[in-house]
Amino acid sequence: MQTDNILSHHVETARQKLHDLQNKYGFGHASVLKQSMVLDELINQYQYTYYRRKKNPTV
């Protein structure tokens, strides 16, 4: 559960940073694209841990 909370926090932080960069530079800027990839990776990690826990719940 702690890992989910940490990952969730990182996802929200990365999402806000992406939003801020997009407002500053526009969609096609390299820093926006890079941050988008960072956010994608964090979302993938979060989904992996969520579904792994759901498939094999701990007692």
Could you say whether any residue in segment 22-33 is on the phi > 0 side of the Ramachandran plot and either in contact with a Ser or Thr (Cβ under 7 Å, 6 or more places away or on another chain) or in a loop (DSSP other than H, G, I, E, B) (or both)?
yes
Please verify whether His9 is at pLDDT 95 or above, surrounded by fewer than 14 Cβ atoms within 10 Å (Cβ to Cβ) and within 10 Å of the chain's Cα centre (by Cα), treating the condition exactly as stated.
yes
Looking at segment 12-26, which of its residues are more than 8 Å from the chain's Cα centre (by Cα) and among the charged types (D, E, K, R)?
Lys17, Asp20, Lys24
Kindly indicate whether any position in segment 36-56 is touching a Phe, Trp or Tyr at 6+ places or on another chain (Cβ under 8 Å), open to solvent by less than 80 Å² (accessible area, probe 1.4 Å), modelled with pLDDT of 95 or more and not charged (D, E, K, R).
no
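The values are calculated or read from the model by the stated rules, or taken from the named source; none is laboratory data. Worth saying up front: this structure is predicted, and the values here are computed from it rather than measured. Counting neighbours? That spans all protein chains shown, and the Cβs are built from the backbone with ideal geometry, glycine included. Side chains included, ligands, DNA and RNA excluded: accessible areas come from the protein's heavy atoms. Shrake-Rupley method; radii C 1.70, N 1.55, O 1.52, S 1.80 Å.
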